[in-house]
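Encoded as structure tokens, the structure appears first; notes follow it.
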């Protein structure tokens with residue numbers, strides 16, 4: 001029997017801290033703007049994350065202007081409104097429910113994958129949500145990798161946001177993320193995390 005070899009992690013401890021251990025959800029930001037170049041860096045980094053059939057259903061609407069965030073605010077839960085209006089940048093993450101139309105281009109090894117979804121709206125919606133959520137997680141990690149902080153929020157009226165920003169029905173809101181540099185220490189201690197034994201089971 002071969003004994004497993006313990007190898008040091010490929011990611012150095014400082015990077016581990018930046019992406020995970022020291023990173024926190026943020027609701028207070030400085031006034032420093034988030035440049036277009038920074039958002040492009042995040043996209044170029046995280047677009048390589050895997051999705052089923054390489055479908056990449058995530059779409060990102062960047063709300064830079066105060067006017068655009070005022071349009072969003074009425075659809076947010078009360079506790080999320082002021083922090084969003086004050087944030088340097090808000091990203092409205094959505095999924096493209098017509099992602100299958102791009103599959104012949106994005107997955108040329110099996111262009112017929114588009115046919116699996118074309119006539120099955122329920123499967124298409126489920127796959128868009130699952131893979132869009134994966135990409136949203138990559139997006140949050142990319143923001144941290146860029147040296148910024150993220151404040152992801154799911155407390156909003158989906159139908160209201162979709163009517164306001166995606167009225168043609170092709171996109172469906174998934175997550176709201178405020179982005180910028182953190183202002184001050186977190187307002188509360190980090191919540192407890194489940195242990196390895198509570199999460200992992202070996203068969």
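The values are calculated or read from the model by the stated rules, or taken from the named source; none is laboratory data. In this text, all values refer to a predicted model and were calculated from it rather than measured experimentally. Ideal geometry is used to build each Cβ from the backbone, glycine not excepted, and the neighbour counts take in all protein chains shown.
Yes or no, residue by residue, for (1) in contact with a strand residue (DSSP E or B) (Cβ under 8 Å, 6 or more places away or on another chain); (2) in a helix (DSSP H, G or I):
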site	(1), (2)
25	yes, no
31	no, no
38	no, yes
45	no, yes
50	no, no
56	no, no
61	yes, no
70	no, yes
73	no, yes
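Taking residue 134 as the residue in question, decide whether it is in contact with a helix residue (DSSP H, G or I) (Cβ under 8 Å, 6 or more places away or on another chain) and either closer than 15 Å to residue 51 by Cβ or at pLDDT 95 or above (or both).
No; evaluated as a whole, the condition is false for this residue.
Hey, among the residues in the stretch 168-203 that are more than 20 Å from residue 149 (Cα to Cα) and touching a strand residue (DSSP E or B) at 6+ places or on another chain (Cβ under 6 Å), which one's surrounded by the most Cβ atoms within 10 Å (Cβ to Cβ)?
The residue in question is 173.
Out of curiosity, is residue 25 under 25 Å from residue 182 (Cβ atoms) and touching a helix residue (DSSP H, G or I) at 6+ places or on another chain (Cβ under 6 Å)?
Considered against the rule, which asks whether it is under 25 Å from residue 182 (Cβ atoms) and touching a helix residue (DSSP H, G or I) at 6+ places or on another chain (Cβ under 6 Å), residue 25 comes out as no.
Taking only pairs six or more apart or across chains, which ones have beta-carbon atoms under 6 Å, a first residue in the stretch 71-91 that is without any contact (Cβ under 8 Å) to a residue 24 or more places away in the chain and on the phi > 0 side of the Ramachandran plot, and a second residue that is assigned to a helix (DSSP H, G or I) and loosely packed, with under 15 Cβ neighbours inside 10 Å?
From residues that are without any contact (Cβ under 8 Å) to a residue 24 or more places away in the chain and on the phi > 0 side of the Ramachandran plot, there are no pairs.
Out of (1) surrounded by 21 or more Cβ atoms within 10 Å (Cβ to Cβ); (2) in contact with a helix residue (DSSP H, G or I) (Cβ under 6 Å, 6 or more places away or on another chain); (3) closer than 17 Å to residue 169 by Cα, the odd one out for residue 97 is which?
The single condition residue 97 does not satisfy is (1).
In the stretch 138-161, which residues are surrounded by 14 or more Cβ atoms within 10 Å (Cβ to Cβ) and either over 19 Å from the mean Cα position of the chain (by Cα) or free of Cβ contacts under 8 Å to residues at least 60 places away in the same chain (or both)?
140, 160
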